[in-house]
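Q: The structure under discussion is supplied below as structure tokens; questions concerning it will follow.
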Amino acid sequence: MTERIRVTVLGVTGSIGMQTCDVMRRYADRFELVGMTASQSPKIRELQREFPQARVATHHEVMPDIPSGADAVAEVAGAGADIVVVAIPGIDALRPALAAIDGGSDIALASKEVLVVGGVHVMDRAADAGVAIYPVDSEHSAIWQCLRGETREDVVRIILTASGGAFRDYSADQLAAVTVEDALQHPTWNMGVKVTVDSASMMNKALEMIEAHHLFAMPMDAIDVVVHRQSIDHSMVELADGGIVAALSVPDMRLPIALALNRGRRLPGVIPPISWSDVPLLQFEPIDTKRYPAIELARHAGNDPSGGRACVLNAANEIAVDAFCSRGLRFVDIVPLVEKTIEKLDGEHPGGIGDLVQLDHSAREVARTLASAMHGVG
């Protein structure tokens, strides 16, 4: 019998974490859950009963007998599992991801912020530790699959696909008046609040462009976005001979999760195949960068070799989305606020992870001030 892969899931009670548990239940002969963390969800107790062998920690205290706090989470992350699924939202994912790398674990990465903020520092640390980073985002998993067997010099361009989010057919006047409830009506995926708002502003693609830049060592100018409403083609790679390789499947996150957990090896029957009689005509539309200014802002941020602009972009966007969701900012002001924050801090050139964490704090303070000044404007 093949020895099971020992898995730790950081952010186990979130959408990706719960779907990861589903995959492990289905392929229990292949995977063993040995560690899990959560923010403050009491679901962790239920999972603890189901997986009593797993080490547990939470960011905030849930039960007095469950270790809590950043140190406890980092300790579980760094305990030496074969692979650690990083599905903690925001910059909170950075420290435990680094702990997992230092512990010698491969990474199944679902948290964009780890590479958006940590960038080259995280990739270098993983290389030095001899561990692999496997993408879990559907787009980056698709690119990873498309790149198999290709040489680096034959890869011309990465093309990320985007559903277009909740407002893909709205006019400029309609966008100025949208509500939080409107923004949360994603046409394809069932995601958390922040990711769904990012999808509507296309900021999720901005973050994915920067993540792809680091994950696949591609220049920002060689990473594009196209709108693909059906969410069947999850991303593409353009090759030197003019060919384009695409990865198609029904929209189901269990496929990239299973592929990452199993280190790129296929498992049978993870999701149902596409039924072509049920699939409408596949459409691809060029991205309108005036309608979605986050795309060009990502290029500007990602081209900063210090990682400072990308760090600020991520931090300011989190503040802007929070302000929008609390009705303190208009939807159309989210990206302009992020851009203004980058402009104010563009002289910062962090030299390492500690500097980036400090810059993240500074960016949040600047963004809060800007959001307060913009409240009710327009």
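The values are calculated or read from the model by the stated rules, or taken from the named source; none is laboratory data. Since this is a predicted model, take the numbers as computed values, not measurements. Glycine also receives a Cβ, built like all others from the backbone with ideal geometry; neighbour counts cover every protein chain displayed.
Q: For the stretch 214-222, check the following and say yes or no: at least one residue is surrounded by fewer than 17 Cβ atoms within 10 Å (Cβ to Cβ), at pLDDT below 90 and not in a loop (DSSP other than H, G, I, E, B).
A: There is no residue in the stretch 214-222 that is surrounded by fewer than 17 Cβ atoms within 10 Å (Cβ to Cβ), at pLDDT below 90 and not in a loop (DSSP other than H, G, I, E, B).
Q: Kindly indicate whether Gly149 is assigned by TED's automatic domain parsing to the domain that holds Phe324, assigned to a loop (DSSP other than H, G, I, E, B) and touching a Lys or Arg at 6+ places or on another chain (Cβ under 8 Å).
A: Criteria not met by Gly149.
Q: Sticking with this one: Among the listed residues Arg49, Arg25, Arg30, identify the single one that is under 29 Å from Thr2 (Cα atoms), in the same structural domain as Pro96 (by TED's automatic domain parsing), in contact (Cβ under 8 Å) with a residue 40 or more places away in the chain and among the basic types (Lys, Arg).
A: Arg30
Condition check ((1) within 22 Å of the chain's Cα centre (by Cα); (2) more than 18 Å from Ser201 (Cβ to Cβ); (3) touching a residue at least 12 places away in the same chain (Cβ under 8 Å)) across all residues:
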site	(1), (2), (3)
Arg327	no, no, yes
Asp333	no, no, yes
Val338	yes, no, yes
Ile342	yes, no, yes
Glu365	no, yes, no
Arg368	no, yes, yes
Ala371	no, no, yes
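Q: Pick out the one residue from Ala320, Ala298 that is of a type outside the set (Val, Ile, Thr), out of contact with any strand residue (DSSP E or B) (no Cβ under 9 Å at 6 or more places or on another chain) and crowded, with 23+ Cβ neighbours inside 10 Å.
A: Exactly one of Ala320, Ala298 is of a type outside the set (Val, Ile, Thr), out of contact with any strand residue (DSSP E or B) (no Cβ under 9 Å at 6 or more places or on another chain) and crowded, with 23+ Cβ neighbours inside 10 Å, namely Ala320.
Q: Next question. Is there any pair with a first residue in the stretch 172-188 that is over 19 Å from Asn204 (Cβ atoms) and not assigned by TED's automatic domain parsing to the domain that holds Ser199 and a second that is modelled with pLDDT under 80 and not in a helix (DSSP H, G or I) whose Cβ atoms are under 8 Å apart and which are 6 or more apart or on different chains, and what are they?
A: none
Q: Moving on to the next point. If we scan the stretch 56-64, do we find a residue that is more than 29 Å from Asp304 (Cβ to Cβ), among the β-branched types (Val, Ile, Thr) and at pLDDT below 95? Outline the logic, then answer.
A: Pass one, the stretch 56-64, residues more than 29 Å from Asp304 (Cβ to Cβ): 56-64.
In the following step, the residues that additionally are among the β-branched types (Val, Ile, Thr) were identified as 56, 58, 62.
So of that shortlist, the ones also at pLDDT below 95 come out as 62.
There is at least one residue in the stretch 56-64 that is more than 29 Å from Asp304 (Cβ to Cβ), among the β-branched types (Val, Ile, Thr) and at pLDDT below 95.
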